[in-house]
Amino acid sequence: MPFPRYRKPEVAIAYSFQTNWLTSPPPGPNTMQEYFKTSYPDQAKAALEPLFVDNIDTAVIDIGHDPIDRYKLVILPSAYMIDKETADAVRRYVSNGGTVIMTGYSAKVDETGKWFETPLPGRLTDVFGVRTNEFYRAEQPLKVTFEGKEQTGSDPYYEVLEPSTAKPLAMFTNTPRPSPAITVNRFGKGRAIYLATAAQPAFLDPLVRSLYAELGIERGPVTPPGVVARVVEGRTLYVNTSNAPVRVALAGQKHDTLTGKTYTGSLDLAPYGVALLR
């Protein structure tokens, strides 16, 4: 029985090989190592984490060269290098009604690797409705209160945002002077959200999930850690990617097409086990 993968994700994460190259210099003295102290690939993974856990198909693309108009949400994690093509794509996407999230470390240099001589985030200050020219590393883990719940971060880097047209969504609660941790700006028909620190799950997870309902992004099947799943035409494929048995909660009675077994209320998956339920 066929189980196609339609490859029509509604969320895209921007990944730039140029940014990865610029922020990963060879061993030896380099001022980049004093500024960009984290791993760019790890920050891309942090942006993917809530979507992966929620079993939501997500594209990882170069948004300066791949069309993004069809996506409901676009995330730029630590997009250190912003070339003209990427800036134009973000501007057009938001203006036409799209929602974008960009994190700290973003839009600092142009395609030549040179820091922008204009206000930061370079080429996008009006889209995000903020300027930033100060950045620090906190002595303690950053804390942010978002939607009434305090979150504690894992990366101490933060930027001091100066909103112009943007509105604060959340504030840092333990920095020496109060400043916005998350801002949102209406630009054209869409909105641009800025997270003023490195991409990290503590802050990105609740922010991304807060947008699902409004953007019409449907979560995939609820699964325990280590189990991935997706639904196609009423059938759900479960894969246990761990080396330990896992129990998955089910709603009602389901039939496993692969084994012929029927499950009610829960499914027990062996290590690296697979089930195709309907």
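Any idea what log10 I(q)/I(0) is at q = 0.09, 0.14 Å⁻¹ for the chain, Debye with uniform C-alpha scatterers and no solvent? For the chain, the Cα-only Debye profile gives -0.48, -0.99. The residues of segment 208-278 expose, per residue, 56 Å² of accessible area to a 1.4 Å probe. Across segment 65-108, the volume of the C-alpha convex hull divided among the residues equals 65 Å³ per residue. For Asp66, the solvent-accessible surface with a 1.4 Å probe is about 70 Å², rounded to the nearest 10. Along the axis of the charge dipole computed for segment 170-264 (Cβ charges of +1 for Lys and Arg, -1 for Asp and Glu, origin at the Cα centre), the listed residues Gly252, Phe187, Phe172 are led at the positive end by Phe187. Apolar share of the accessible surface for segment 92-144: 46 percent from carbon plus sulfur atoms, 1.4 Å probe. Within the listed set Asp42, Asp155, Asp268, the Gaussian network model of the chain (springs between alpha-carbon atoms below 10 Å) gives the highest mean-square fluctuation for Asp268.
Considering only Tyr35, Tyr80, Tyr157, the Gaussian network model of the chain with Cα springs below 10 Å gives its largest mean-square fluctuation to Tyr35. Taken over the alpha carbons of segment 129-266 as equal point scatterers, the Debye sum produces base-10 log I(q)/I(0) values at 0.11, 0.16 Å⁻¹ of -0.60, -0.88. Among residues other than Ala270 with Cβ under 13 Å from its Cβ, the summed charge is 0 (Lys and Arg +1, Asp and Glu -1).
Sorting check: for 179-187, 23-31, 70-78, which peptide has the highest mean count of neighbouring beta carbons within 10 Å, and how do the rest follow? Don't skip to the answer; put the middle values down first.
Working: 179-187: 21.6, 23-31: 10.3, 70-78: 23.8.
Output ranking for 179-187, 23-31, 70-78: 70-78, 179-187, 23-31.
Extension gain, Leu215-Glu139: 0.36 nm per intervening residue step, less the Cα-Cα distance, totals 23.7 nm.
I need the Debye-formula profile for segment 12-107: one equal scatterer per C-alpha, no solvent, reported as log10 I(q)/I(0) at q = 0.13 1/Å, two decimals. For segment 12-107 at q = 0.13 Å⁻¹, log10 I(q)/I(0) is -0.45. Ligands, DNA and RNA are left out, and with a 1.4 angstrom probe the accessible area of segment 67-133 is 37 Å² per residue. Near Tyr157, once Lys and Arg are set to +1 and Asp and Glu to -1 for all other residues with Cβ below 15 Å from its Cβ, the sum equals -2.
The values are calculated or read from the model by the stated rules, or taken from the named source; none is laboratory data. As the structure is a prediction and not an experimental result, all values here were calculated from the model. Neighbour counts run over all protein chains shown; Cβ positions are idealised from the backbone, glycine included. In case anyone asks, the SASA skips ligands and DNA or RNA and just uses the protein heavy atoms, side chains included. Shrake-Rupley method; radii C 1.70, N 1.55, O 1.52, S 1.80 Å.
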